[in-house]
Amino acid sequence: MMQGGLAGAVFGLIQRDLLLTWRRRADIATTLLFFVIVATLFPLGVGPEPAVLRTIAPGVLWIAALLSCFLSLGRLFATDYQDGTLEQMLLTPHPLAALVLGKIAAHWLVSGLPVVVLSPLIGLQFGLSGGAIAILTFSLLLGTPTLSLVGSIGAALTLGIRGGNLLSALLVLPLFIPVLIFGAGAVASSESGMGAEGHLSLLGACVVLAIPFAPWATAAALRIAVE
Amino acid sequence: MMQGGLAGAVFGLIQRDLLLTWRRRADIATTLLFFVIVATLFPLGVGPEPAVLRTIAPGVLWIAALLSCFLSLGRLFATDYQDGTLEQMLLTPHPLAALVLGKIAAHWLVSGLPVVVLSPLIGLQFGLSGGAIAILTFSLLLGTPTLSLVGSIGAALTLGIRGGNLLSALLVLPLFIPVLIFGAGAVASSESGMGAEGHLSLLGACVVLAIPFAPWATAAALRIAVE
Amino acid sequence: MLDIHDLSCHRGDRKLFGQVSVSVPVGRLLSIEGSNGSGKTTLLRAICGLTPPDQGTIRWHGRSITEQRETFTSGLIYIGHRIGLKDDLTPMENIQAAMQMSGHPVTTALARAALEAIGVEPVCYRLPTRVLSEGQQRRVALARLWCSDQPLWVLDEPFTALDARSSQLLRERLQRQVERGGIVVAATHQAIGLDPSTVQQLRLGE
Amino acid sequence: MLDIHDLSCHRGDRKLFGQVSVSVPVGRLLSIEGSNGSGKTTLLRAICGLTPPDQGTIRWHGRSITEQRETFTSGLIYIGHRIGLKDDLTPMENIQAAMQMSGHPVTTALARAALEAIGVEPVCYRLPTRVLSEGQQRRVALARLWCSDQPLWVLDEPFTALDARSSQLLRERLQRQVERGGIVVAATHQAIGLDPSTVQQLRLGE
Amino acid sequence: MQWNSLNEFLAMGGYGVYVWPSFGVTALCMIWEVLILRRRHAAARTALNQSVASAGVAL
Amino acid sequence: MKTDRMNWFQWSSPQAFYPLAGKLIPWFACVSMVCLAAGLYMGFLVAPTDFQQGDSYRIIFVHVPAAWMSMFLYVVMAGWAAVGLGLKARPSFMMAQAIAPTGALFTFLALFTGAFWGKPTWGAWWVWDARLTSELILLFQYAGVMLLHASIDDLRRADRASAVLALVGVVNVPIIYFSVRWWNTLHQGASISVTAAPKMAATMLAAMGIMALGFWMYSAAVTLLRVRCIILERERHASWVQIERVS
Ligand code: HEM
Ligand SMILES: Nc1ncnc2c1ncn2[C@@H]1O[C@H](COP(=O)(O)OP(=O)(O)OP(=O)(O)O)[C@@H](O)[C@H]1O
Ligand SMILES: Nc1ncnc2c1ncn2[C@@H]1O[C@H](COP(=O)(O)OP(=O)(O)OP(=O)(O)O)[C@@H](O)[C@H]1O
Ligand SMILES: [Mg+2]
Ligand SMILES: [Mg+2]
């Protein structure tokens, strides 16, 4: 399929990244597995009381999602940087931010979406009610794109730095905190009968803010890294 | 200082890895802050009730330690593999397992040890008592070397092989679980007045088992990756 | 027409070159020479707009490249020390992805023709690029030169790792590019071996 | 005395070479030639013992290298496409770390002398290797050849990215190595240019 | 003035163990910051003057 | 020092900035010392004992100014970062880099003094309260900016990368501040929370204000001192530094 112009380039990039991920499909499995294992580590580390587990479940699931998103962020630009593809991206006639948005979309599709899909199962394991599970899943669906968007800034800033992985955690995790609070808060407040709308609309606001802003900041960081 | 022979090579390697880290001493600070931030995420996700937090504290700290070890494991062999140093390691007259042990020791010194040193402070933030904090710290001291040792097998397996990725995650993370259970269990059982000796001696057994076995398995995996 | 005017670059504490001025009319190859570390790569990256120079301007057809990023980059191919291939994609996928990203999408047939032209063997088409030999990988990267008709090529040591036959193929391709009115800027350590009337030289670090 | 007997290798579905037999007496350079992808790198890695061949044996002074891994590797220097430098260390630290790991620790003075011999400029001594140019990095890797007296050198395209002067320095060093009774096995695309009486050739892929 | 004696002042109504460390650490940090900065400035200056001297610039 | 060598109007050059900073430092330092002395005098000797908290409340005279400065300095740092990115002016980046450690220091002090205040008032060194948590995150953000700068050894790149981070972080600060508040209030009842300051005596307020002013002037002086160090270290090879033999 040939397609010119900006849309072609962006979709081409998404397609390429998805293809690459498919070639390395074990990586998706690792992300998912990581999510599941972090979630399962919890009952092991904390002990098996159902009441405690139910209380901490939304927080634990959100943290597991956040960490597994973060884990896969390391790969977002690193290989492109090492093999010179990033230079090529900068030398296209398209606005870099648009290409970056394409890459972020591909990243979410392979790291955020699977986590969203799997979360009801884990929620069930923690003994959450049906309603809570629905809200949890919906909050993840709304919130994980923000994680990919904001996380890309950290990934771009730490390119080419040894130990960049942990450093980017340091840069990015504080930026993730509002999402975590609103996401876990949505489930908790719906459980306590206060309704989750408030939290969910805040999550929505986050993603709406991040879509124009994050790719721009990421693009700036990428330019700095390549120079 | 010139020093020949195996000891010289192993210490030289440790020294080189430590030097590399010293060049990037920000790395150590980063490991520490990562640990602190992950620990901070939990109250944010789970909510601020002191009673709940105190219950989950040992598990949370252990999981944070495990994750920061896991994240820094990624760079244990990856750069050596990419830049060809690993080939050079295989072409030395020394047994590979000994060199690997040196690398693991360097890894623990910069990623495990700082976590152990900082853990009392975080314990305090979670409202743990003095006795619990002491046991927690000691269990981390005993347990984190095992994490580095066992994790190195996974790091080596993920180097070359396609899809070996999944396999290694499957292999390694379950191996972390006993360490987590004994570690977090030590604190919990001392809190409930049962004494932590049993758990701690199991942790000790883990590390004693891992020291001869893990470097050997890692060396085998490295040979496969380079071939 | 590529105009480099009064360009200087430093790296760290070190001044690499200063007051480099050269202008390359269409139909010419500019060969950049100089010992290791004299700043050839840095100069090439500045010409592409990847590294902003300390001072000086680069003009493409009379206008500064920073003012016309889109037009300029859409007419440019840059192949550097790092060749920009994805290890896990096949040669064919690599070329198509690269060309599409740079705004010049190509059909499978065209990509295949380009790979054939630089001598990548058909057995390699279905392998991930990672397993190819050094020289085969460089060939795949260079195949982009056969894919489309950008007027400006910036090549950093394009002959690295190529055997005699591929070097000859590349040389012919460069000759064709300058003959049809393109511009090539290349850094090399050996003589490129094109028709001398079309080659201009620039030595750095003297 | 390096003896290669009836060696075959395949990669994937493909047979790269078969029944390669050659024996290199001391004081000789074996130049391995062949087009891109003909299996030069694979052969060199097999000689070092990194890639086990499908069949055939490699003997060093009469004994198979797998039976005497320690003795063999302690007399070997291998420099491949990936040169094994740590980006964050300075050239000096890189050399010292590499030599110590390979069981031949060197003093700072010796390392410095080696760097000087291959023409790494003193301003580079205190920079992390990452910022050096391509050719400077290769020089740093090659400096190991000046550091100690291993009898067997296995070099994969050692002249890549070197300018004329460093190429000449390297050539002289190779000549010295064969003169004092060492063995060099090198893959190249150009003629190496040593005294022809000391060079033996092996062409792959015909 | 509400303090009748120095001891009473130091005791801070029983809260001395909390009040004085707060003020003490704050003061120490601030003084320490100034001191290391002055050291750093001096070091930068000497390094500079040395490099000027070794470069042989006549002043 | 020969002034004719300098272009006094070109404030965007380190060359002009260095002596200017040198001239300002003593003024800020003096004002700061006077304010701190007066503030301590009023805080310890004039202000009365609080009827609820006793004398432990006196921690407020360092705690609140430190907390204010920690937030204020982050915004100022981000401002310099923005100017640097916009105008490509090196001194702006240097100012941003110079502010970060002082900001981090005050954040640490706010946390430390807060913890020493919390123990007598709440009986715990630390609780996961909105204000405390957001202050802790602010410390992480400072650390991020400083570590990112330290991790990149090409200075131009380090400057600009950490400027981008500082800017992104400043967007995050209000979000964190409010989100943490909502998190806390929505989630659970007031088991523990920072009680609003009891109606304070005028002298208490005045002492706090004077201390805050002192901290502010201190920050200015220290930042300028640090920026002078940075200029010297970075411009070592620039000819103006060598010619003028800076003092
Ligand atoms: C580690 C513990 C603490 C931290 C990190 C902390 C942090 C802060 C911050 C960031 C501010 C400025 C925010 C604002 O003005 O709204 C502040 C102000 C204040 N803090 Fe703390 N605090 C801590 C503990 C305490 C304790 C234990 C008390 C008293 C019981 C206290 C009393 C106050 C008061 C009275 C103010 C001024 C309030 C205002 O002006 O609105 N703080 N603190
Ligand atoms: N931070 C730094 N400090 C000092 N010098 C630096 C720094 N970064 C790069 N350099 C120098 O800048 C030069 C970069 O050169 P460049 O890569 O452009 O060389 P080149 O001509 O392409 O060389 P080659 O032929 O080896 O590819 C090198 O000499 C390198 O040592
Ligand atoms: N999995 C595989 N399936 C098929 N062919 C493979 C596979 N892996 C490697 N090859 C082929 O094996 C060969 C490896 O060659 P090698 O790297 O030894 O070549 P070389 O002679 O060093 O070439 P160059 O001059 O380019 O460095 C390549 O032709 C490559 O295509
Ligand atoms: Mg170059
Ligand atoms: Mg090869």
Using only the alpha carbons, work out the radius of gyration and Dmax of region F:20-246 in angstrom. 19.8, 66
Using the per-residue mean of other Cβ atoms lying within 10 Å as a proxy for protection, in what order, highest first, do the peptides F:94-102, C:41-49 fall? F:94-102, C:41-49
Excluding same-chain pairs closer than 8 in sequence, count the lysine pairs in the protein assembly as shown whose Cα atoms lie under 28 Å apart. 18
Here the gain from full extension of C:Tyr125 to C:Lys15, 0.36 nm per residue of separation minus their alpha-carbon distance, amounts to 35.2 nm
Output the relative contact order of region F:20-246, whole-number percent, from Cα pairs under 8 angstrom with separation of 6+ residues. 38 percent
In order over region C:4-15: 3J(HN,Hα) from phi, Karplus 6.51/-1.76/1.60, θ = phi - 60°, whole Hz, x for each Gly or Pro, gives 10, 10, 6, 7, 10, 9, 10, 9, x, 8, 10, 7
Along the axis that rotates chain D into chain C, which residue of chain D has the nearest beta-carbon, and what is the gap in whole Å? D:Thr160, 3
Taking only complete DSSP H runs, can you tell me which helices of chain D stretch 27 Å or more along their own long axis by Cα positions and average at least -0.5 on the Kyte-Doolittle scale? none
Over all directions, the average projected area of the alpha-carbon convex hull for region D:167-206 comes to how many nm²? 3.1 nm²
What number, rounded to the nearest 500 deg cm²/dmol, is the helix-based mean residue ellipticity at 222 nm of chain A, given -39500 (n - 2.57) per DSSP H run of at least four residues and division by all its residues? -29500 deg cm²/dmol
For B:Phe11 and A:Phe11, what is the calculated FRET efficiency with R₀ set at 56 Å and r taken between the beta-carbons, to the nearest 0.05? 0.55
Can you list the DSSP H helices in chain B whose Cα atoms extend at least 24 Å along the helix axis and whose mean Kyte-Doolittle hydropathy is -0.5 or higher? B:5-23, B:26-46, B:50-73, B:130-160, B:164-191, B:197-226
Fewest-first ranking of F:Met33, D:Met99, C:Met92, using other Cβ atoms within 10 Å as the exposure measure: F:Met33, C:Met92, D:Met99
At B:Pro120, label 7 Å along Cα→Cβ: distances to the other copies, nm, ascending? 4.9
Estimated inter-spin distance, C:Asp6 and B:Ala205, nm [label 7 Å along Cα→Cβ]: 7.9 nm
Have a look at region A:6-226 and give its Rg and Dmax from the Cα atoms, expressed in angstrom. 17.7, 58
For A:Ala205, place a label point 7 Å from Cα along the Cα-to-Cβ direction in every copy; what are the distances to the other copies, in nm, shortest first? 5.5
For region F:34-79, state which chymotrypsin sites (Phe, Trp or Tyr not before Pro) are in a DSSP loop and have at most 14 other beta carbons lying within 10 Å of their beta carbon. F:Phe51
Using Cα pairs under 8 angstrom and six or more residues apart, how large is the relative contact order of chain B, in percent? 25 percent
Would you mind working out the magnitude of the charge dipole of the protein assembly as shown relative to its Cα centre, with +1 at each Lys and Arg C-beta and -1 at each Asp and Glu C-beta, to the nearest 20 Debye? 1360 debye
When each copy gets a label point 7 Å from Cα toward the beta-carbon at C:Arg176, what are the spacings between them in nm, shortest first? 4.7
According to the Cα gyration tensor, what semi-axes, each the square root of 5 times an eigenvalue, does the equivalent ellipsoid of chain E have, listed from largest to smallest in whole Å? 49, 10, 6
Along region E:44-51, Karplus-curve 3J(HN,Hα) (6.51, -1.76, 1.60; θ = phi - 60°) to the nearest Hz, with x for Gly and Pro, reads 4, 5, 5, 4, 5, 4, 5, 5
For every other residue with a beta carbon closer than 11 angstrom to the beta carbon of D:Asp3, add +1 if it is Lys or Arg and -1 if Asp or Glu, then tell me the sum. +1
For the residue pair E:His41 and F:Lys23, what label-to-label distance in nm results when each label sits 7 Å from Cα along the Cα-to-beta-carbon direction? 1.6 nm
Using a Förster radius of 22 Å, what is the FRET efficiency between B:Ala51 and E:Val17 based on their Cβ-Cβ separation? Nearest 0.05, please. 0.20
Mean separation of Cα contacts under 8 Å, 6 or more apart, over the residue count of chain D: relative contact order %: 31 percent
Report the gain in length on full extension from D:Gln68 to D:Gln201: 0.36 nm times residue separation, minus Cα-Cα distance, nm rounded to one decimal. 45.2 nm
Under the Karplus relation 6.51 cos²θ - 1.76 cosθ + 1.60, θ = phi - 60°, what is the ordered set of whole-Hz ³J(HN,Hα) values for region D:49-64, x standing for Gly and Pro? x, 7, 10, x, x, 5, 7, x, 10, 10, 10, 10, 6, x, 10, 4
Projected onto their principal axes, the Cα atoms of region D:46-130 stretch, largest extent first, over whole-Å spans of 48, 23, 19
Can you bin every Cα-Cα distance in the protein assembly as shown into 10 Å intervals starting at zero and give me the percent of pairs per bin, rounded to whole numbers? 2, 9, 16, 21, 21, 16, 9, 4, 1, 0, 0
Based on the inverse mean of 1/r over its pairs of different Cα atoms, what is the Kirkwood hydrodynamic radius of region B:25-144, in Å? 15.8 Å
Please order E:Met12, A:Met194 by the number of other Cβ within 10 Å, starting at the fewest. A:Met194, E:Met12
Mind putting a number on the dipole of region A:6-226 about its Cα centre? Charges go on the C-beta only, +1 for Lys and Arg and -1 for Asp and Glu, and I need it in Debye to the nearest 20. 360 debye
So if I restrict to the alpha-carbon atoms in region D:1-152, what is the Rg, and what is Dmax, the biggest pairwise distance, in Å? 17.3, 49
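Quick note: the coordinates plus some simple rules give every number you see, no bench work behind them. All figures in this text were calculated on a predicted structure; none of them were measured in a lab. Quick reminder, even Gly has a Cβ in these numbers, built from the backbone with ideal geometry, and neighbours come from all protein chains shown.
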